[in-house]
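Comments concern the structure below.
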Amino acid sequence: GEGYDDDEDEDEDEESDDEDMQHFAEVCYSLVAYADDANTELEWFKDSLEGLTDPHDRALLMPSVTSEMTRRMQEAVAVNARFLAMLVESDDDARQFSVVPESHQVHERNSVKVRTVLRQFVRDWTEEGQLERDVQYGCLLQALQKYIPLDSAAASGRGGRGRRGGGHDQLERPQVLTPGSGLARLTFEVARLGYHAQGNEFSYHMLQGSKWVLNEAQAAKTHTIYPFVLSLEHRKGALDHTRGVQIPDVCPGRELCVDGVQQASLSMCSGEFVEVYASQAAAWDAVLTCFFLDTAKNVFLYIRTIAHITRPGGLWANIGPLLYHYAEQQNSISIELSWEEVKPAIEKYFDFKEEDVREAFYTTHTQGLFHTRYRCKYFVAIRNSVPAEGKSFPVF
């Protein structure tokens, strides 16, 4: 009986690995297929303009602007396509999926996520994204330095998992986790301050982007992308959507490794947050969450997991809305609670030190006529000694 169960577990693991690899392949194909998807939309746009046959309507168009805009959009799409394909081709694990099979049809949800990656680069790795980062990452980094200073690991007898190098003794650096790290800018900023930083991300689209910027980028502002090129709504100027942005604003490799000497400790861990960290009891000195808490299908599961992995006296700093990522998805579990209901669950395991409501934008086109502004819950809390208890049905 035991042998049969072991075989069954192995079969399930192999099946799970196969499914994961298939999903990874689909993500890579969607990045490579951006040109086809974007050009289809460009053709639709041109056909719509040509559909204006009424002479009064056509007289209102600016032919020079329209033709110039179409040309710029085509060029921008081609540049974006080369960049996105490079995210696949530059990665040893992904290169085998750099050619889309003729029989493969890219799912619309993956095409949407590809465009999200381009917008996320603006937020995380451009100069114009600095304002968003200052508002959201800034408060988390300040809380980290205030409540878990760099010498706090040595004082508490922690920090034995590191390695020596750089300006601080890395054996004494506090361990800081940033779940939902996206393109890893917050993780990078934590490492740049001198902490052991680890990012966790579930989306392969984001992981491909963070792999490139952390491992392959050779200098600042080496690439120009056009993240708004297909966003024709809410424009002030006719060509606003065709402007490019330079990435990255800083080179992580050069910042974290100076003259061949590693100055900081940064790692990335892929996978679903609850699954990945279930066994890491009291392993982290701090957890920083930005626009992450409401990505849970069951927020209690996230709260319990963060309590489980944060040592007594450790920090949880958070900023983000309660938008609830799965709220609009049909046939998906989504437990959507108010802050009044969420806060007591956090208070069971954490003592609040700071709490506020702060306004924040997210991947905003600064020149556009429409901006979404979130009213975010910001809090800083310290882990108490109450053991994390209970178990939620795994809805992730």
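Looking at region 139-157, is at least one residue at pLDDT below 95, in a helix (DSSP H, G or I) and buried (at least 18 other Cβ atoms within 10 Å of the Cβ)?
For region 139-157, residues at pLDDT below 95, in a helix (DSSP H, G or I) and buried (at least 18 other Cβ atoms within 10 Å of the Cβ): present.
Contact list please: Cβ distance under 7 Å, first residue in region 115-130 and touching a residue at least 24 places away in the same chain (Cβ under 8 Å), second residue assigned to a loop (DSSP other than H, G, I, E, B) and polar (S, T, N, Q), pairs at least six apart or on different chains.
Filtered contacts from region 115-130: R119/T363; Q120/T363; V122/T363; R123/T363; E128/T366.
Given the criteria surrounded by 16 or more Cβ atoms within 10 Å (Cβ to Cβ), of a type in the set (G, A, S), at pLDDT 95 or above and in contact with a helix residue (DSSP H, G or I) (Cβ under 7 Å, 6 or more places away or on another chain), does A360 qualify? If you could, list the steps in order and put the result at the bottom.
Values: surrounded by 16 or more Cβ atoms within 10 Å (Cβ to Cβ): yes; of a type in the set (G, A, S): yes; at pLDDT 95 or above: no; in contact with a helix residue (DSSP H, G or I) (Cβ under 7 Å, 6 or more places away or on another chain): yes.
No.
Please report, ordered by residue number, the helices (runs of 4 or more DSSP H) entirely within region 15-130 with at least 3 residues that are out of contact with any Pro (no Cβ under 7 Å at 6 or more places or on another chain), closer than 30 Å to Y362 by Cβ and at pLDDT 95 or above.
Details: elements: 34-50, 55-60, 63-89, 108-125.
Helices (runs of 4 or more DSSP H) meeting the threshold: 34-50, 63-89, 108-125.
Please go through region 295-316 and give me each residue that is under 18 Å from the mean Cα position of the chain (by Cα) and either open to solvent by less than 10 Å² (accessible area, probe 1.4 Å) or under 15 Å from A381 (Cβ atoms) (or both), ordered by number.
Of all residues in region 295-316, those under 18 Å from the mean Cα position of the chain (by Cα) come to 295-297, 302.
A296, Y302, listed by residue number.
One line per residue, one yes/no per condition, for (1) of a type in the set (A, V, I, L, M, F, W, C); (2) open to solvent by 60 Å² or more (accessible area, probe 1.4 Å); (3) within 13 Å of I225 (Cα to Cα):
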residue: S103; (1), (2), (3): no, yes, no
residue: V117; (1), (2), (3): yes, no, yes
residue: F121; (1), (2), (3): yes, no, yes
residue: Q130; (1), (2), (3): no, yes, no
residue: R133; (1), (2), (3): no, no, no
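Could you check A286 against (1) aliphatic (A, V, I, L, M); (2) modelled with pLDDT of 95 or more; (3) in contact with a Phe, Trp or Tyr (Cβ under 7 Å, 6 or more places away or on another chain) and say which number it fails?
Tallying (1) aliphatic (A, V, I, L, M); (2) modelled with pLDDT of 95 or more; (3) in contact with a Phe, Trp or Tyr (Cβ under 7 Å, 6 or more places away or on another chain), A286 fails exactly one: (3).
Does S111 satisfy being under 20 Å from the mean Cα position of the chain (by Cα) and open to solvent by less than 70 Å² (accessible area, probe 1.4 Å)?
Details: under 20 Å from the mean Cα position of the chain (by Cα): yes; open to solvent by less than 70 Å² (accessible area, probe 1.4 Å): yes.
Yes: the conditions hold for S111.
Which ones in region 284-306 are in contact with a His (Cβ under 9 Å, 6 or more places away or on another chain) and assigned to a helix (DSSP H, G or I)?
Residues of region 284-306 in contact with a His (Cβ under 9 Å, 6 or more places away or on another chain): 285, 294-297.
Of everything in region 284-306, those that are in contact with a His (Cβ under 9 Å, 6 or more places away or on another chain) and assigned to a helix (DSSP H, G or I) turn out to be D294, T295.
Say we look at region 367-385 and pick out the residues that are loosely packed, with under 12 Cβ neighbours inside 10 Å and not charged (D, E, K, R); which of these is modelled with the highest pLDDT? Before the answer, list the steps.
Kept after step one, since they are loosely packed, with under 12 Cβ neighbours inside 10 Å, are these residues of region 367-385: 369-373, 375, 385.
Filter once more, so that each one left must be not charged (D, E, K, R): 369-372, 385.
Working: L369: 91, F370: 89, H371: 90, T372: 90, S385: 97.
Among residues in region 367-385 that are loosely packed, with under 12 Cβ neighbours inside 10 Å and not charged (D, E, K, R), the one modelled with the highest pLDDT is S385.
Quick one: what pairs do we get from region 356-379, first residue at negative phi, second among the small types (G, A, S) and open to solvent by less than 80 Å² (accessible area, probe 1.4 Å), C-beta under 7 Å, 6+ apart or different chains?
Sorted first by the residue in region 356-379, then by its partner, the pairs are H365/S231; Y374/A360; C376/G320; C376/A360; K377/G320.
Which of the residues spanning region 75-92 are in contact (Cβ under 8 Å) with a residue 12 or more places away in the chain and either among the aromatic types (F, W, Y) or open to solvent by 80 Å² or more (accessible area, probe 1.4 Å) (or both)? Give the derivation first.
The initial filter retains those residues of region 75-92 that are in contact (Cβ under 8 Å) with a residue 12 or more places away in the chain, namely 76-81, 83-88, 90-91.
Within region 75-92, F83 is the sole residue that qualifies.
Filter region 320-343 down to the residues that are outside any loop (DSSP other than H, G, I, E, B), more than 30 Å from V229 (Cβ to Cβ) and open to solvent by less than 70 Å² (accessible area, probe 1.4 Å) and list them by number.
The first filter runs over region 320-343 and keeps only residues outside any loop (DSSP other than H, G, I, E, B), leaving 320, 335, 339-343.
Now restrict to residues that are more than 30 Å from V229 (Cβ to Cβ): 335, 339-343.
Result: I335, W339, V342, K343.
The values are calculated or read from the model by the stated rules, or taken from the named source; none is laboratory data. These numbers were taken from a predicted model, which means no experiment stands behind them. In this analysis, Cβ positions are derived from the backbone assuming ideal geometry, glycine residues included, and neighbour counts consider all displayed protein chains. Calculation scope for accessible area: heavy atoms of the full protein, side chains included, ligands and nucleic acids excluded. Shrake-Rupley method; radii C 1.70, N 1.55, O 1.52, S 1.80 Å.
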